[in-house]
Amino acid sequence: MSCAFLERLEQMFFVQTIELTCYENDDNILGLLRENLHTYQTNSKKDIQINIITDNYITSRIWTSTICWAAILSLRSMIL
């Protein structure tokens, strides 16, 4: 899906820079994903920055959300 998305952006003349973040925690797919994205990045006319995160997207989002809410509640209690 990432390469298909990059192909679509490649056709848009007004897009010059692309920053792509992918989550993948399956070791069977990770190598292929890195290889495919690196090949696309090397052959692209666009400036493409790729970030592959090997955490589980769902559980990492829960942790981040919890931290954000804790920070908001903490700030709120400081203001009040």
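The values are calculated or read from the model by the stated rules, or taken from the named source; none is laboratory data. Just so it is clear, the model here is predicted, and its values are computed rather than measured. Here Cβ is always computed from backbone atoms with ideal geometry, including for glycine, and neighbour counts include all displayed protein chains. Side chains are part of the model used for accessible areas, which takes the heavy atoms of the whole protein and leaves out ligands, DNA and RNA. Shrake-Rupley method; radii C 1.70, N 1.55, O 1.52, S 1.80 Å.
Some notes on this structure:
- Neighbours of Ile50, meaning other residues whose beta-carbon lies under 13 angstrom from its beta-carbon, give a summed charge of -2 when Lys and Arg score +1 and Asp and Glu score -1.
- Heavy atoms of Glu19 accessible to a 1.4 Å probe, total area in Å² rounded to 10: 150 Å²
- 15 Å reach of a label modelled at Glu35, 7 Å along Cα-to-Cβ, counting backbone N of segment 1-28: 27-28
- With θ taken as phi - 60° and the Karplus curve 6.51 cos²θ - 1.76 cosθ + 1.60 applied, the whole-hertz 3J(HN,Hα) list for segment 31-46 is x, 5, 4, 4, 4, 5, 5, 5, 4, 5, 4, 5, 8, 7, 8, 8 Hz, x standing for glycine and proline.
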